[in-house]
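**Q** Sharing a structure here in structure tokens format.
The values are calculated or read from the model by the stated rules, or taken from the named source; none is laboratory data. Note that this is a predicted model, so its numbers are computed, not measured. FYI the Cβ positions are ideal-geometry reconstructions off the backbone, even for glycines, and counts take in every protein chain you see.
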Amino acid sequence: MPTHERSDSNISQDYQSLSKEQPSQACDNAILAASRRAVSSKPKAVNKSSWKNMPYLSAIAASLFVVVVMFAQQQQDTPDTPAIAPEAAVAPMSAILVEDSAPQLMRSTKKMSAPVSTVSGKLAQQGQQWFLITAQQSYLLENVPADIAQWSQQTVSVSGAQKMIDDQVVILVEQIQQP
Amino acid sequence: MRQVATRQTNYRQAVEQTVRVRYVEQHRHRYKVNLTMTEPISDEQLMLNYGQGDASAFEQLYLRHKGGVYRYFLRHTSRAEVAEELHQDIWMKVINAREGYQVSAKFSTWLYTLAHNHLVNYYRKHNKAQLLDFDDVAEPEDELPTLDVQLSQGRTVDKLLAQVEALPSQQKEVFLLKHEGGFSLEDIAELTKSSFEATKSRLRYAMKKIKEGISDAHS
């Protein structure tokens with residue numbers, strides 16, 4: 001095709017095929033070296049967006065927060081002996097005052113653990129823990145049977161060895177029965 | 001014998017490809033695999049990656065655009081050493097802008113805007129008579145006289161390339177942005193802050209001048 005009859009597309013194609021110049025290798029090397037120096041030499045500044053690149057930190061913080069809350073809750077759940085609400089509700093009721101009605105092998109209230117004793121009172125649950133509420137105090141029950149819930153809010157006699165843990169009298173339950 | 005060898009090679013390659021595909025599919029949940037291997041990373045994403053410290057992203061970006069940017073300066077200045085100097089300046093600007101880069105437009109638009117502005121500054125600094133003043137949307141016939149074409153010794157320039165370099169600057173700008181930058185007329189109009197019609201006219205006159213120049217050279 002004669003040159004003067006070329007269409008625009010021919011011109012474009014011819015130009016594209018002819019226009020192949022590239023910068024020199026030295027120029028390329030200088031630019032690429034500068035680009036690498038720029039990201040390797042300068043320490044990455046800490047900015048607000050850096051937190052977005054570390055999502056695991058927020059996950060760790062959230063986990064710690066949950067653990068602290070749970071720990072604090074557990075501490076709260078551990079009862080101060082006179083402060084348990086059921087005790088206040090229970091104390092004046094006559095059913096609580098039947099400590100002496102059930103046969104007992106041995107009675108111990110505040111002193112250190114003795115052989116198996118039986119204590120009567122009202123069963124109350126607080127959180128995951130069970131307590132035996134008497135007129136004098138509350139006992140934390142451990143080694144409770146799986147079906148203890150059936151005795152909830154009832155007056156029962158609990159037999160077991162007693163021990164003191166952090167000013168809390170604990171009964172290692174061996175038997176629960178109606179008084 | 002050669003046919004057998006070729007068939008065996010093709011068969012082996014096909015088996016290897018099948019094994020690779022199956023392995024990738026099976027382990028896709030373990031690896032971030034882009035099975036659509038034909039989709040390259042965009043320029044904008046490469047620049048963002050470079051801003052995050054990925055030097056190889058800049059290398060890819062540079063390899064994609066270095067030729068067009070260099071030839072843009074080369075056609076305007078007609079001097080390889082000047083073109084390289086301007087070319088290097090532009091890429092240093094890109095490097096320095098990496099951390100503040102935001103995707104507000106196409107990367108190529110931003111790159112060639114940098115190039116255009118840098119060229120204007122170069123002309124002003126060197127007291128060239130003609131500036132790439134796109135605010136003036138005069139008709140091509142009213143444009144200022146063309147720059148003298150300075151051909152570097154030893155460089156063979158085809159008639160077509162010579163005609164391109166001899167174009168009036170505004171026509172040359174539109175021509176180069178289209179053929180080196182790959183921009184559409186709409187993009188060029190936006191980049192040069194001109195109207196679409198003025199851009200279209202400039203390109204039409206550029207092509208006409210090139211054809212006439214080539215015809216004159218042959219006659």
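**Q** From the list B:Ser108, B:Ser104, which one is buried (at least 19 other Cβ atoms within 10 Å of the Cβ) and of a type in the set (Gly, Ala, Ser)?
**A** Matching residue, one of B:Ser108, B:Ser104: B:Ser108.
**Q** Within the set of pairs 6 or more residues apart or between chains, which connect a residue that is over 14 Å from B:Glu99 (Cβ atoms) and among the basic types (Lys, Arg) inside the range A:34-61 to a residue that is at pLDDT 80 or above and part of a helix (DSSP H, G or I) with Cβ atoms less than 6 Å apart?
**A** A:Arg36/B:Ala55
**Q** Among the listed residues B:Arg71, B:Arg98, B:Arg79, identify the single one that is at the interface with chain A (Cβ under 8 Å from one of its Cβ atoms) and in contact (Cβ under 8 Å) with a residue 60 or more places away in the chain. Talk me through it step by step, then tell me what you get.
**A** Details: B:Arg98 fails: in contact (Cβ under 8 Å) with a residue 60 or more places away in the chain; B:Arg79 fails: at the interface with chain A (Cβ under 8 Å from one of its Cβ atoms).
Just one listed residue meets the conditions, B:Arg71.
**Q** Would you confirm whether or not the range B:91-99 contains a residue that is β-branched (Val, Ile, Thr) and closer than 15 Å to A:Ala33 by Cα?
**A** Step one: of the range B:91-99, the residues β-branched (Val, Ile, Thr) are B:94-95.
Next cut, closer than 15 Å to A:Ala33 by Cα only: B:94-95.
Checking the range B:91-99: at least one residue is β-branched (Val, Ile, Thr) and closer than 15 Å to A:Ala33 by Cα.
**Q** I'd like to verify a number: residues in the range A:7-19 that are facing another protein chain (nearest Cβ under 7 Å) and part of a helix (DSSP H, G or I), how many?
**A** Residues flagged as facing another protein chain (nearest Cβ under 7 Å) and part of a helix (DSSP H, G or I) within the range A:7-19 amount to 7.
**Q** B:His87 fails exactly one of the following numbered conditions: (1) within 21 Å of B:Ala166 (Cα to Cα); (2) modelled with pLDDT under 85. What is the number of that condition?
**A** Condition not satisfied by B:His87: (2).
**Q** Taking the range B:47-65 as the region of interest, how many residues are within 12 Å of another protein chain (Cβ to nearest Cβ), outside any loop (DSSP other than H, G, I, E, B) and free of Cβ contacts under 8 Å to residues at least 24 places away in the same chain? Let's see the steps before the verdict.
**A** Pass one, the range B:47-65, residues within 12 Å of another protein chain (Cβ to nearest Cβ): B:47-63, B:65.
Checking the rest, the ones that are also outside any loop (DSSP other than H, G, I, E, B) come to B:47-51, B:55-63, B:65.
Of the ones still in play, those that are also free of Cβ contacts under 8 Å to residues at least 24 places away in the same chain are B:49, B:55-57, B:59-60, B:63.
Total satisfying the criteria: 7.
**Q** Could you tell me which numbered condition B:Leu119 fails, if it satisfies all but one of (1) modelled with pLDDT under 95; (2) among the aliphatic types (A, V, I, L, M); (3) over 26 Å from B:Ser195 (Cα atoms)?
**A** (3)
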